[in-house]
Each structure stands twice: as structure tokens, then as C-alpha cells.
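> One structure is given below, represented as C-alpha cells, and several questions about it will come after.
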Amino acid sequence: MNKRLLTVTSFIALFLVVAFFTTGNSNTSTKKGIPTVGILQLVTHPALDQIHQGVVAGLADGGYKAGKNVKIDYQNAQADQANLKTMAQNFANKNEDLTVGIATPAALSLAKAADGKTPVILAGITNPSGSKLVKSDAHPGANITGVGGDSPYEKQVAVFKEVLPKAKTIGIISTSSDAGGTYNAKKMANALKKAGYQVKNYTIASTNDMQQVATTMVSQVDAVYAPQDNGVATAMKTLVAVANQAHVAVIPAADSMVKDGGLVTFSNSQYEIGYQAGRMAAQVLSGKKKTATMPVYNVTKGNYVINQQTAKTLGITLPADIVAKAEKAGEVF
């Protein structure tokens, strides 16, 4: 009887050992299978959409093509803070291999949900260190790094001087709840003041305020600067409609905002920002790089972007050299 019991006990023990290693191997296989990348975008507007497209292209060029050897879980919060929190937490619950945050609020939500564990790649974050997402651009130091999205302020001040030589007072409009937009507006205000302009600042609490605030603004300024601000970008067409009626030019920060009716700008490519973030994500997924030691990348190459229809509406003749440069290497709408 004891011998028979020993045999049964040994069989059960052997079964449990096999089951343990089989389960372990199954988990390992799943982890080493097709990785999943969660992309969280704050809201739909052309600038962020271009970043999203660039991220997917950068991943593909880095060896991770959607639907082939990587699964992309794309979520858009539509400017709802509760959605950002829920979507970021869902990524964490599903153990995504890596997440990408498009715009500062999305990145902050992902960073909190990741809790220092899952790699987070930033895509178009104006001030990563100021937002406490990284220790410094040069030494991120943890599970977060990516691509910054600051504007070429001096180049954009030069656009005001060349395109609108008689302008003296510039209005800057930003969203009070958008940390990146507020930072961008402040930096441009300093650059404009340094160049001798008078600056008036205006804020909106939400896109619903744009019509009223813009109407007041265009009656008090010679031209308007629209910073890299998600609320302003979303309501860009409203801003342009009000400004055009008053024959006041809007010079925006981003190329996509010129497409939406802005007059002209010198802009870093939003698509390139996303593309570089995608390449960084691919390097982390492959194990070639670690987020802690990958410096934040800043896109510095830019081009002129012009809107000929807006110029015609305002009766403005754009400088020939800017037109030529936009036609050669930038964009013309």
C-alpha cells in the first residue's frame, strides 16, 4: 500500500512540475511574441494626427510594422481628462510592452499609470523636464524619454519682422489648462519683447471661448501668434475666421495650423517629431536602448509653410524669398 501511495504521489509531483514549466514557458512565449504598443493621443487635430502618423512610420522603419510584428493599440481621449486616466490605466492593466504619449496631458497620464515600470515614449512634449516627466533632457533617468516639441522661436519672430514689418503689438492666445501651450506662449512672448514688440496675452478656458476672446483680441493688436497649444490648435479655424474678418494676420507655431488658415510660419515638422519618437520606441522594444540613458531628442530642422489663400484674403503679398523656400522645401496651401 505504501509503495502504491508513493507511486501515486510521485506521479502527482511530476505532473505539477511539468505543469509549472509548461505554464512558465507559455508566459515566456507570449511575452516574446508580438509586442503591443499603446498610443495615447490627447485630442484630434492636424498637428497631433501628424505626430501619430509619424510614430507609426517610425516604428515600421525601426523594424516594427503594424499588423505584422507589432500590435498598435491606439486610443484618443478627445480632450477628456477622465478618458486620459482610464485609457492610460487600461494600457497598464493589459501590460502593454511600451506606450507612447502624444501631447503633455497624455504623457502625464501614461507616466502615472506606468508607475516607473513600462517604458513611455514622449511624442511632441514641449517641456519634458518642466513637466517632471524626465529628470533632464540629457539624462532622463527612468522609464520615460522621447521627443520634445519646442518651437523655433527666433525664426518665428523673424517671420513677423519680414512678413508684417509695420506690426507693433502682437496678441498671443493660449489655453489656461494646457501646460505646454502656456509654456510655449511665455517663451514666444519673451522672444517678441526682446525683439522690441509689445505683447498682449489672452487665454481661453476651452475651445468654446475662442470666438469671444478672439473677437476682443483682434480689436487690440496688429497681429496674432498661435502657439503650440492643443486648445488653440483645435479651435484654429474659429480663430482664423475672426482674425480674417478684422484683417489681422495669424502666424502660428505649427505647420498644420497654417493649413487650417494661419498665414505663414517657420515650423518644425510635426510628422518628423512623431517619426523620431517611433524610431526611439523601436530601439527600446528591440532592447538596443534603455529609456533611462536615451536623451530626449529635439527636432531642429524646419521649413517655411505658407497659406496663399489666407494671404489673398488679407491682401498681403508674402516676401518672395519665403515663398521660394516654402515651394522648394516646405509646404504651400
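> Being polar (S, T, N, Q) and in contact (Cβ under 8 Å) with a residue 40 or more places away in the chain is the filter here, so list the residues in region 208-228 that pass it. Quick ask: steps written out before the conclusion?
Narrowing region 208-228 to residues polar (S, T, N, Q): 208, 211-212, 215-216, 219-220, 228.
Passing the criteria: GLN220, GLN228.
> Name every residue in region 172-191 that is in contact with a helix residue (DSSP H, G or I) (Cβ under 6 Å, 6 or more places away or on another chain) and either without any contact (Cβ under 8 Å) to a residue 60 or more places away in the chain or polar (S, T, N, Q) (or both), in order of residue number.
ILE172, SER174, THR175, LYS187, ALA191
> Consider region 278-303. How many of its residues are among the hydroxyl-bearing types (Ser, Thr, Tyr) and either open to solvent by 70 Å² or more (accessible area, probe 1.4 Å) or not in a helix (DSSP H, G or I) (or both)? Spell out how you get there, then give the answer.
Kept after step one, since they are among the hydroxyl-bearing types (Ser, Thr, Tyr), are these residues of region 278-303: 286, 291, 293, 297, 300.
Right, trim to either open to solvent by 70 Å² or more (accessible area, probe 1.4 Å) or not in a helix (DSSP H, G or I) (or both) and you get 293, 297, 300.
Residues that pass the stated criteria total 3.
> Shifting gears a bit: Can you tell me which of (1) open to solvent by less than 10 Å² (accessible area, probe 1.4 Å); (2) in contact with a Gly (Cβ under 8 Å, 6 or more places away or on another chain); (3) not in a strand (DSSP E or B) is the one MET257 doesn't meet?
Failing condition for MET257: (2).
> A follow-up question, please. Looking at region 90-104, which of its residues are surrounded by 15 or more Cβ atoms within 10 Å (Cβ to Cβ) and assigned to a helix (DSSP H, G or I)?
Looking only at region 90-104, we keep the residues that are surrounded by 15 or more Cβ atoms within 10 Å (Cβ to Cβ), and these are 90-92, 96-104.
Correct list: ASN90, PHE91, ALA92, THR104.
> ILE306: over 20 Å from LEU40 (Cβ atoms), surrounded by 23 or more Cβ atoms within 10 Å (Cβ to Cβ) and either in contact (Cβ under 8 Å) with a residue 40 or more places away in the chain or in contact with a Leu (Cβ under 7 Å, 6 or more places away or on another chain) (or both), yes or no?
Here the answer is yes, as ILE306 does meet what is asked.
> Suppose we filter LYS112, LYS161 for residues that are farther than 15 Å from VAL284 by Cβ, under 18 Å from the mean Cα position of the chain (by Cα) and either assigned to a strand (DSSP E or B) or among the charged types (D, E, K, R) (or both); which single one remains? Explain how you work it out, then say what you get.
On the way: LYS161 fails: under 18 Å from the mean Cα position of the chain (by Cα).
Only one candidate qualifies: LYS112.
> Now, a different point. Can you name every residue in region 236-253 that is outside any helix (DSSP H, G or I) and either open to solvent by 30 Å² or more (accessible area, probe 1.4 Å) or modelled with pLDDT under 95 (or both)?
Filtering region 236-253 for residues outside any helix (DSSP H, G or I) gives 246-253.
Matches in region 236-253: ALA246, HIS247.
> Determine if region 266-277 includes at least one residue that is more than 15 Å from the chain's Cα centre (by Cα), buried (at least 22 other Cβ atoms within 10 Å of the Cβ) and at pLDDT 95 or above. It would help to see each step written out before you state the result.
Going residue by residue through region 266-277, those that are more than 15 Å from the chain's Cα centre (by Cα) are 266.
Still in the running and buried (at least 22 other Cβ atoms within 10 Å of the Cβ): 266.
From the residues that got through so far, the ones that are at pLDDT 95 or above too are 266.
Looking for residues that are more than 15 Å from the chain's Cα centre (by Cα), buried (at least 22 other Cβ atoms within 10 Å of the Cβ) and at pLDDT 95 or above, one finds at least one in region 266-277, hence yes.
> Can you tell me which residue among ALA82, ALA107 is open to solvent by 30 Å² or more (accessible area, probe 1.4 Å), of a type in the set (Gly, Ala, Ser) and in a helix (DSSP H, G or I)?
On inspection, the qualifying residue turns out to be ALA82.
The values are calculated or read from the model by the stated rules, or taken from the named source; none is laboratory data. Model, not experiment: these values are computed from the prediction. All Cβ positions, glycine included, derive from the backbone under ideal geometry; neighbour counts span all protein chains shown. Side chains included, ligands, DNA and RNA excluded: accessible areas come from the protein's heavy atoms. Shrake-Rupley method; radii C 1.70, N 1.55, O 1.52, S 1.80 Å.
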